[in-house]
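The values are calculated or read from the model by the stated rules, or taken from the named source; none is laboratory data. If you're wondering where the values come from, they're calculated on a predicted model, not measured in any experiment. Cβ atoms come from the backbone with ideal geometry, glycine included; neighbour counts cover every protein chain shown.
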Ligand code: FES
Ligand SMILES: [Fe+2]
C-alpha cells in the first residue's frame, strides 16, 4: 500500500520547496561555483584575460635581503630586488630541477639557485652554470639552452607591479588621471590586505555600495562591543544611510560607474560615484564623508586592485591617498596603512588591530592567520564584523547559483556581465587588444568617474520629490562625467565643477518655480 501523502513536499516544484518552513533539507545541496569568472589559473578564460593587464603583486617592503615567495593567479613565483636595484619576478621552481628560488641567494645581478648554483637574471636569462674546469664550453651550451620563466616587473609608490601575459601583447600601464589625482600635499600610501577567498567576491564588494548601511553601521554591533568597524565611529554616519543606486557601464564597457545618492542632512545630498574597471581595479571616493559641507568633484581616496593569489585566496593591493587634499576631515591615519592593515575601518584583514599592533610594528610582516574561526579575536569579530568577515565567509568561492539578488546587487551583477562579455570576446572593446589600444589613445592616462559630491539641496517637500531628486542627481553626475570625457586634467575638472554647480542651481530654480 502506498501510504505517501500526495501533497507531501517531495512533490512540490523546487521553487515552492525553497519556501517550506523548516525545509532546509530542500536547499541543502550546493551547486558548483562559476568557473568561468572565478578560476584564474593558466589557460582558464578569466585567468588568460587577467594576464593581459598589469597587476600589483606585492609591496616593495616585501622585497628584502631574501627572495619573497608569492602566489599570483595560481602561479608560484619568487620576487626579489637584486643588488643593482632591479626587480625580478621569476617562476619559483628552478628550470634545472625544480628547487624553489625562495631559497636562492640574491646577487648583484640576478639570483642564484641554492641547489646547483645556476644564476638567473631578472628577465630569466641564465647567467651562469657552474661546470667543472675544462668543461666550460659544454656548460655554456647548456646555459644558452635554458631560461627561467620570468615576468616584467617594476616598482611604483611602494608597490611592485607585474605583467604576466605574452610579452608581445604588453599593454601600457594605466596612469589614471596622470597622477592618480593626488594633490600636491597628498601621498599615495601602499597597502596589502590578504583575503581568504576568491578574488571576485572581493571585487563584488566594491560595487556593493548598499552593505555600508548594515555591515558598517551601529545595528551590526552586538551590545556595546564597538571596535572601529562602523562609519559613525569615524563621524561619517552618512555612509550608513541606504543609497539610491544607479549603475552605468562606461568607457566602452571597460568599466562601471556606481553612483549612489544619499541624504546626509536636511540641507545636503551626497552623491558618491565608485569607478570599477575591468578586470579587477576599483577607484574609491572619500570614505569618511560627513556630508555636511558642499563639496564638488572630490576625487580618489583609495585605488585598489583585487589580485588573485589562487582560486581561493586573493589580496587587495593598492594605495590610500593620504593628505588634506582629499581627506578634508583629517580622518586618515598613515600609521595604520601597510602590510595587513588599513586605516579606514577595522575588520579589513584576518588579524584585528589589537593583535596586529600589539605584537608587531607597521614595518613588520606578521604571519596571516589562515583559519578565521581559530583567530585570537574570533569572538570580537563576531561582535563587530567587518568587510573581511562578510566577504570571506561567503565561502572560499561564492556560489552565484545560490544567491537571491535584490536590485541593490545590480552593480555587481552588471560588473560580472561586463567581465563575462570581455572574457568571451562578446564585447571586443573590452577585449585585451582594444583595451590596450584605448589606453594608448588616451596616452596611458584615462579619466576616472570616481567622485564624491555634496550638494547644497534641501529635502524634497514630498517623499516623491526627494526620491526623484536622488535618482536625478545620481544619474546626472554620471552624465556630466561622460560629457567631460574628451577633456583632461584641469580643463576637465573646471568643466565638471561648473556643470555640477549648474545642476544644483537648476534643481533649486525648478523647485522654486
Ligand atoms: S635545481 Fe636549481 S640549480 Fe639545480
Ligand atoms: Fe565595506
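Brief remarks on what is shown
- Qualifying residue in the range 251-273 (condition: in a loop (DSSP other than H, G, I, E, B) and in contact with a helix residue (DSSP H, G or I) (Cβ under 7 Å, 6 or more places away or on another chain)): yes
- Within the range 204-218, tally of residues that are surrounded by fewer than 19 Cβ atoms within 10 Å (Cβ to Cβ) and either assigned to a helix (DSSP H, G or I) or within 16 Å of ligand 1 (Cβ to nearest atom) (or both): 3
- Residues located in the range 111-142, provided they are in contact (Cβ under 8 Å) with a residue 24 or more places away in the chain and either away from ligand 1 (no atom under 15 Å from the Cβ) or more than 40 Å from the chain's Cα centre (by Cα) (or both): 122, 123
- Exactly one residue out of 187, 170, 137 is out of contact with any strand residue (DSSP E or B) (no Cβ under 9 Å at 6 or more places or on another chain) and away from ligand 2 (no atom under 16 Å from the Cβ), and it is 137.
- Positions within the range 377-406 being assigned to a helix (DSSP H, G or I) and farther than 30 Å from residue 226 by Cα, in sequence order: 400, 401, 402
- The combined condition, being within 15 Å of ligand 1 (Cβ to nearest atom), surrounded by 20 or more Cβ atoms within 10 Å (Cβ to Cβ) and over 30 Å from residue 280 (Cα atoms), is fulfilled by residue 104.
- Scanning the range 466-486 for residues that are without any contact (Cβ under 8 Å) to a residue 24 or more places away in the chain and more than 20 Å from residue 248 (Cα to Cα) yields nothing.
- Test: residue in the range 79-101 that is touching a residue at least 24 places away in the same chain (Cβ under 8 Å), within 16 Å of ligand 1 (Cβ to nearest atom) and over 32 Å from the mean Cα position of the chain (by Cα): yes
- Some residue of the range 23-38 being surrounded by fewer than 20 Cβ atoms within 10 Å (Cβ to Cβ), under 23 Å from the mean Cα position of the chain (by Cα) and either within 16 Å of ligand 2 (Cβ to nearest atom) or in contact (Cβ under 8 Å) with a residue 40 or more places away in the chain (or both): yes
- Residue match in the range 445-459 (condition: more than 23 Å from residue 247 (Cα to Cα), surrounded by fewer than 17 Cβ atoms within 10 Å (Cβ to Cβ) and at pLDDT below 95): no
Residues are listed down the side, and each one gets a yes or a no for (1) more than 16 Å from ligand 1 (Cβ to nearest atom); (2) over 15 Å from the mean Cα position of the chain (by Cα); (3) surrounded by fewer than 22 Cβ atoms within 10 Å (Cβ to Cβ):
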residue	(1), (2), (3)
239	yes, yes, no
243	yes, yes, no
260	yes, yes, no
275	yes, no, no
285	yes, no, no
306	yes, no, no
312	yes, yes, yes
336	yes, yes, yes
345	yes, yes, no
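- All of 63, 19 fail the test of being crowded, with 19+ Cβ neighbours inside 10 Å, farther than 19 Å from residue 166 by Cα and away from ligand 1 (no atom under 16 Å from the Cβ), apart from 63.
- Options 92, 99: the member that is away from ligand 2 (no atom under 16 Å from the Cβ), at pLDDT 95 or above, touching a helix residue (DSSP H, G or I) at 6+ places or on another chain (Cβ under 9 Å) and within 17 Å of residue 147 (Cα to Cα): 92
- Just one of the listed residues (366, 354) is out of contact with any helix residue (DSSP H, G or I) (no Cβ under 6 Å at 6 or more places or on another chain), surrounded by 16 or more Cβ atoms within 10 Å (Cβ to Cβ) and free of Cβ contacts under 8 Å to residues at least 60 places away in the same chain, namely 366.
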